[in-house]
Amino acid sequence: MEFNCYDVLEVQGSRYVITEKIKYNEIIPKADQEQAYKAKPSMQKSPGDYWHEYGLEAVEGTDKIWVTIEYNDNEWCTVSRTSYRKRAPKGFTLHQIGLEKVVAVDGDSGASVGDRAGYKEYQLPCEGGASVFFEENWFKGEKMFAEGARVPLINIKLCNDAAADAIRKKKRKERLKKRLEGVAMALGCGALFLMCLVSWDSDLSWHGIRGTFGFPYTAKEHMHDTSVYYTKTDSDNEYTSSLDPVSTALDLIDSLDGDIKNEGESLQEGREVIVFYDAKSAYIITNIDGQTLVKVCEPGKLTPEEQELINSTMRKTHVLDSYAYMVRYKDSGGRDKFLKVDNLNEADKAYMFNR
């Protein structure tokens, strides 16, 4: 027998509506903390056995109960309530012990799929069934206790009259409203977050937001997103640029927000070599037969020839480093100042080259 969320049940003469449905599987204890829930076979379910636990609220009043129905039991179920006892009452004996895992959840529940708990069930046989006491030790850090009784399944009836249907519809509307309120709250928090970003930084681009959370836009992404660069289909670190070497270097420094180090260059016309690094990669820009080539790779993966090229041309003039400095501090005139370096006054030259 299986029910659904917001079904109305008559339990021992009183009406309740299901607000929570949890499906459990029995699993084999493996970790150290689970070993305490091993027992002799007569006290344990078989791995893979499952059961449903329903949380119900009284249609009239404030009573809350749990109904537990095992998949292979067509005669009995357990009706229980949360208990403030921390141990089984006198006379109760351990009846079952095991390890349960949540495999499905519906309705308003504090449980999540994947949650696990060790459980112990104590019983006291009595006329017409048995009194029961449950202890659950949730491995996420919570212990729960419940007590109740085993009752015949014929005492659990699904209600299908007009009154039950009205309650079912009302509960579903309440759940939908709660979900919509949650979505509205999330959207409101998102809008507030964007407003905070506006107050912190004027860069509201996707790249800027990514950078705020520690995932900055990379030069490789920039080269793939820009028509200035193209690469062979079998290469992800060698690019050809349609710009001259200096303009290519400035473009890449812009894409890295000026976050470079160890720059150096040899600007012999027609044989230019420009090198700089960021936190993860080395960038080598060369002019080969009039074509600007860009190599991007981890410093440890440079070939001996590339390393020799770097060593022989690393002549620091601080020009690119100074341009990167202006980019980092959002000097809007940085590119113009760099391209018109010959026309700078002495103060600007000191700013660019003698910091």
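Miscellaneous remarks
- Burial ranking of peptide ranges 176-185, 40-49 (average Cβ count within 10 Å, highest at the top): 40-49, 176-185
- Projected label distance in nm at A31 and S109, using a 7 Å step from Cα toward the beta-carbon: 2.0
- Leading residue at positive end of dipole, the stretch 255-309 (Cβ point charges), from S255, P304, I285: P304
- Most to least packed among 76-87, 96-107, 298-309 [average Cβ atoms within 10 Å]: 96-107, 76-87, 298-309
- Using R0 = 45 Å, the C-beta based FRET efficiency linking E181 and L267 works out to 0.10.
- Between E70 and D49, the modelled labels are 0.4 nm apart [label points 7 Å from Cα along Cα→Cβ].
- For the stretch 1-104, the dipole from Cβ point charges (+1 on Lys and Arg, -1 on Asp and Glu) about the Cα centre works out to 640 debye, to the nearest 20.
- For the pair A162 and Q291, the difference between a 0.36 nm per residue extended length and the Cα-Cα distance amounts to 38.3 nm.
- Three-way shape call for the stretch 12-98 based on the alpha-carbon gyration tensor, with the a/c threshold at 1.5: prolate
- Cα→Cβ-extended label distance, 7 Å offset, between L153 and T82, nm: 2.9
- Three-way shape label, the stretch 235-319, alpha-carbon gyration tensor, a/c 1.5: rounded
- Cross-link pairs beyond the 27 Å C-alpha cut-off, checked among K30/K140; K120/K177; K30/K64; K21/K143: K120/K177; K30/K64
- Global geometry of the stretch 114-189, whether rounded, prolate or oblate, following the gyration tensor of its Cα atoms and the 1.5 cut on a/c: oblate
Readers should treat all values here as calculations from the given coordinates under stated rules, not as data from a laboratory. On a predicted model such as this, the values are computed, not experimentally measured, just so you know. Because the Cβ atoms are built from the backbone with ideal geometry, glycine has one as well, and the counts that use them run over all protein chains shown.
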